[in-house]
Amino acid sequence: MSSNSFGKLFTVTTFGESHGPAIGCVIDGCPPGIAIAPQDFAHDLSRRATGKSRFTSQRHEADEVEILSGVYENKTTGTPIALLIRNTDARSKDYDELLDTFRPGHADYTYWQKYGIRDPRGGGRASARETTMRVAAAVIAKKWLREKFGVQVRGYLAQIGDVMPDLSKGAVIDFDIVESNAFFWPVAAQVPRLEKYIDALRKDGDSVGARVDVVASNVPPGWGEPVYGKLDAELASALMSINAVKGVEIGAGFASVSQRGSEHRDELRSDGFASNHAGGILGGITSGQDVLASIALKPTSSILKPGRSVNLAGEQVEVRSKGRHDPCVGIRAVPIAEAMVALVLIDQALRHRAQCGDVGEVKPRIA
Ligand code: EPS
């Protein structure tokens, strides 16, 4: 009912607030026998973390995972896995001026309307800090998907403001380049331009939106359920649950509107599909092609530029957000989007195995 849990068989429940003592998650339903140690979380958590470059929030959190249960001698046991990360660098006084008002564009006002009480320190439960635990849970999901099926879930920044990657249509993304710069940007030559762009934005006290593309490769055909458990429906819900996401596309997405059927359909050839407008999903079930999902993220609402709001007495006031905010939340959203895709995929894979595990490989299978 309160919707802090996610997934049917691989169920992740997160808890905690940005300025509370800790954030954490409980994963229930994890397959036993997956090798996992605290250091396995470091890579993805560091990709998502604040303070790694001057282009993101300057809050410095260690983001060290404590495994409290569900792992014995570095292997998952099948029992609930509890993970904890302590908050060590919250600076709640930055929020003193916001105690009795609401940031425009932020969840401050709607949390207040819903609960009649809110934790005003940082974004509270609505803070992007919560996404840390999604990324931590997905480290285990990604590992299982990779080891069992060779599935890889990787993302990149596909637009920031009005800047797009300088790539020709259909170009293959080089993920080594993506991982080599602070923006998860697929074209190295454009990175200096992005640096100037974000520096200028920060100086101006403003923020900007972004688009993130995620590709899941080597996904076997057959994952996803008709009709209310369609893979694309669950991906859309999972991706929409990420802070600041305002749009989700699967495959050709909204571009499908202007396509003809003859163009959109992905022809089946004995040596492979001719295109992938469907984003690897037909009828809510994977086709064996790459699963392609994209998200649109709004500009960060906590900005230095003053804006109008009301206070608790209903009077007109001017607000300015102090704090250590991201000029573009989309940059750090890359590992978060990958995490949500991985969590949906492991859940669907386990559900497929439960119902159709005896079906085996069905012929013909298109490469
Ligand atoms: C966030 C505001 C900033 C970010 C935070 C997300 O924190 P603070 O409340 O301390 O100013 O640093 O991100 C994280 C701490 C994180 O780990 O992602 C917000 O309002 O969403």
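The values are calculated or read from the model by the stated rules, or taken from the named source; none is laboratory data. Note that the structure is predicted; figures quoted are calculated from it, not measured. Cβ atoms come from the backbone with ideal geometry, glycine included; neighbour counts cover every protein chain shown.
Observations
- Subset of the stretch 190-241 that is of a type in the set (D, E, K, R) and more than 20 Å from ALA342 (Cα to Cα) - its residue that is surrounded by the most Cβ atoms within 10 Å (Cβ to Cβ): ARG202
- Restricting the stretch 44-59 to residues that are among the small types (Gly, Ala, Ser) and surrounded by fewer than 16 Cβ atoms within 10 Å (Cβ to Cβ), the residue that is nearest to the ligand (Cβ to nearest atom): GLY51
- Residue in the stretch 250-269 that is in contact (Cβ under 8 Å) with a residue 60 or more places away in the chain and among the small types (Gly, Ala, Ser) present: no
- First in the stretch 76-97 and within 18 Å of ALA62 (Cα to Cα), second anywhere and within 16 Å of the ligand (Cβ to nearest atom) and assigned to a helix (DSSP H, G or I), Cβ under 7 Å, 6 or more apart: LEU83/MET133; LEU83/ALA136; ILE85/THR132
- Complete set of residues in the stretch 313-327 that are within 16 Å of the ligand (Cβ to nearest atom) and farther than 11 Å from ILE303 by Cβ: ARG324
- The set of residues from the stretch 102-152 being under 30 Å from ILE346 (Cα atoms), crowded, with 21+ Cβ neighbours inside 10 Å and either within 9 Å of the ligand (Cβ to nearest atom) or of a type in the set (S, T, N, Q) (or both) comprises GLY123, SER127, ALA128, ARG129, GLU130, THR131, THR132.
- Taking the criterion of being among the hydroxyl-bearing types (Ser, Thr, Tyr) and within 30 Å of LEU9 (Cα to Cα), the residues of the stretch 188-233 that qualify are SER217, TYR228.
- Unmet requirement for CYS356, which otherwise passes all of (1) surrounded by fewer than 19 Cβ atoms within 10 Å (Cβ to Cβ); (2) under 19 Å from the mean Cα position of the chain (by Cα): (2)
- Residues that are among the polar types (S, T, N, Q) and under 26 Å from ILE173 (Cα atoms), drawn from the stretch 206-240: SER217, ASN218, SER237
- Strands (runs of 3 or more DSSP E) enclosed by the stretch 276-353 - at least 2 residues per element that are touching a residue at least 12 places away in the same chain (Cβ under 8 Å) and buried (at least 21 other Cβ atoms within 10 Å of the Cβ): 291-297
- Subset of the stretch 162-182 (residues that are farther than 25 Å from VAL344 by Cβ, in a loop (DSSP other than H, G, I, E, B) and either touching a residue at least 60 places away in the same chain (Cβ under 8 Å) or among the aliphatic types (A, V, I, L, M) (or both)): MET164, LEU167, ALA171, ALA182
- Filter result for the condition that a residue is within 27 Å of ALA333 (Cα to Cα), assigned to a loop (DSSP other than H, G, I, E, B) and within 10 Å of the ligand (Cβ to nearest atom), over ALA90, ALA62: ALA90
- Residue within the stretch 68-81 that is among the small types (Gly, Ala, Ser), buried (at least 19 other Cβ atoms within 10 Å of the Cβ) and either at pLDDT 95 or above or not in a loop (DSSP other than H, G, I, E, B) (or both) present: yes
- Matching residues in the stretch 82-96 - criterion: being surrounded by 14 or more Cβ atoms within 10 Å (Cβ to Cβ) and under 23 Å from the mean Cα position of the chain (by Cα): ALA82, LEU83, LEU84, ILE85, ARG86, ASN87, ALA90
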